[in-house]
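The values are calculated or read from the model by the stated rules, or taken from the named source; none is laboratory data. In this text, all values refer to a predicted model and were calculated from it rather than measured experimentally. Glycine gets a Cβ as well: all are built from the backbone with ideal geometry, and neighbour counts include every protein chain shown.
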Amino acid sequence: MKSKDAYLQEIVQVYWALYKIACEKPGVGYLFDKGSITIEDPDLKIYNFLLNYPLLVDPSLTGTDDTPKIITINPDATPRKSTHYKESQKLHTQYGIDIRFDDPHLTDLFRLPHNHLHMLFGIISKAKNLIFIKIEDAGLYAFDGFLSHAGGLLKSTVRRSLYMIKPLVSEERYRQYQEKVGKDDDPDARREKIPGEALKEFSDIINNSNLSAEKKQQHIARFKELGLQHAYNMSRPPSTIAPGTKTTFPYQGVLEFFKKYAVTDDENNPPTDLGKWREVKISKADLLKAIK
């Protein structure tokens with residue numbers, strides 16, 4: 001049987017390979033350090049490879065109906081709760097792996113990108129063979145990682161909700177609050193979350209338009225799914241619509257929204273950060289290309 005340390009080395013190496021694929025996708029780059037990677041995983045081979053590690057270090061686990069925890073006394077791996085893909089958690093337990101070697105020398109040799117110490121993973125859709133992996137600063141181990149993880153979660157929750165008090169306080173006070181808890185666009189913010197203020201702003205543009213109620217819901221749902229990519233896609237009318245023609249879709253409002261949040265010197269060409277607020281997706285074709 002493979003030793004715990006040998007298995008963990010392989011897990012770190014596999015993640016680095018996936019990370020390389022993700023970072024080389026357009027608009028991502030090697031500064032990508034906080035968001036999740038969504039993977040089209042044929043036959044769930046990558047998922048099962050990762051899952052076998054928690055089963056190795058904790059024989060009480062089954063890999064199917066394990067009870068997720070918010071804190072653990074197992075220093076190596078645990079079924080866990082998270083704020084990611086909440087709907088899929090109703091069907092599929094998520095697991096966390098701490099990068100913790102018995103041999104301390106291996107800790108320096110095998111590290112996750114940006115010195116993260118924990119890996120969260122789970123199934124998004126078994127029918128579509130979709131899984132996700134997200135590396136984090138700390139796990140849920142009671143004696144070292146839990147407090148750090150809980151603090152980060154609290155800070156991100158406050159940060160995402162801060163926009164709600166903006167109408168109630170002065171601009172100066174709001175800025176002071178932002179300095180304390182940060183903003184969703186800060187480098188350390190969770191990449192796959194759309195800032196609450198941006199979501200509200202986009203929703204207001206759509207809801208104040210002449211679109212049907214059904215179309216409004218579709219565009220807001222699409223924005224939640226694609227983030228800034230959808231704003232870019234919908235920022236200009238199709239070429240089939242003559243200039244000056246009145247339309248039900250608020251192209252101008254979405255264009256202004258896009259200009260506000262996109263980092264680009266040329267508004268007529270896609271910027272390099274259309275993946276902003278969203279996870280990076282690796283397809284089956286991406287995996288096959290990397291293997292070849």
- line: Out of (1) within 16 Å of residue 136 (Cα to Cα); (2) modelled with pLDDT under 95; (3) out of contact with any His (no Cβ under 6 Å at 6 or more places or on another chain), the one residue 15 does not meet is (2)
statement: Within segment 1-19, the count of residues that are surrounded by 13 or more Cβ atoms within 10 Å (Cβ to Cβ) and among the basic types (Lys, Arg) comes to 1
message: I'd like the full set of residues that are outside any helix (DSSP H, G or I), buried (at least 20 other Cβ atoms within 10 Å of the Cβ) and among the hydroxyl-bearing types (Ser, Thr, Tyr), limited to segment 20-74.
response: 36, 38, 72
query: Residues in segment 216-233: is at least one outside any helix (DSSP H, G or I) and hydroxyl-bearing (Ser, Thr, Tyr)?
result: no
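When you go through 250, 238, 243 one by one, which is the residue that is over 30 Å from residue 133 (Cα atoms) and surrounded by 19 or more Cβ atoms within 10 Å (Cβ to Cβ)? Can you show your working first?
Numbers: 238 fails: surrounded by 19 or more Cβ atoms within 10 Å (Cβ to Cβ); 243 fails: surrounded by 19 or more Cβ atoms within 10 Å (Cβ to Cβ).
Sole residue among the options that is over 30 Å from residue 133 (Cα atoms) and surrounded by 19 or more Cβ atoms within 10 Å (Cβ to Cβ): 250.
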field: Verdict on residue 70 being farther than 25 Å from residue 6 by Cα and in contact (Cβ under 8 Å) with a residue 60 or more places away in the chain
entry: yes
- prompt: Say we look at segment 44-67 and pick out the residues that are under 24 Å from the mean Cα position of the chain (by Cα) and among the charged types (D, E, K, R); which of these is farthest from residue 6 (Cα to Cα)?
  reply: 66
query: For segment 105-115, does any single residue satisfy the condition of being touching a residue at least 40 places away in the same chain (Cβ under 8 Å), among the hydroxyl-bearing types (Ser, Thr, Tyr) and either under 25 Å from residue 32 (Cα atoms) or not in a loop (DSSP other than H, G, I, E, B) (or both)?
result: no
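Return yes when residue 40 is among the acidic types (Asp, Glu) and modelled with pLDDT of 95 or more and no when it is not.
On the way: among the acidic types (Asp, Glu): yes; modelled with pLDDT of 95 or more: no.
It is false that residue 40 is among the acidic types (Asp, Glu) and modelled with pLDDT of 95 or more.
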query: residue 32 is checked against (1) at pLDDT 90 or above; (2) under 15 Å from the mean Cα position of the chain (by Cα) and fails just one. What number does that condition carry?
result: (1)
query: Is it fair to say residue 83 is modelled with pLDDT under 95, of a type outside the set (A, V, I, L, M, F, W, C) and over 13 Å from residue 120 (Cβ atoms)?
result: no
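Please state which one of 44, 18 is of a type outside the set (Asp, Glu) and on the phi > 0 side of the Ramachandran plot. Even if it seems obvious, please write down each step before you answer.
Values: 18 fails: on the phi > 0 side of the Ramachandran plot.
None of the others qualify; the one that does is 44.
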- request: Give 257, 249, 223 a once-over and let me know the one that is within 21 Å of residue 200 (Cβ to Cβ) and at pLDDT 90 or above.
  value: 249
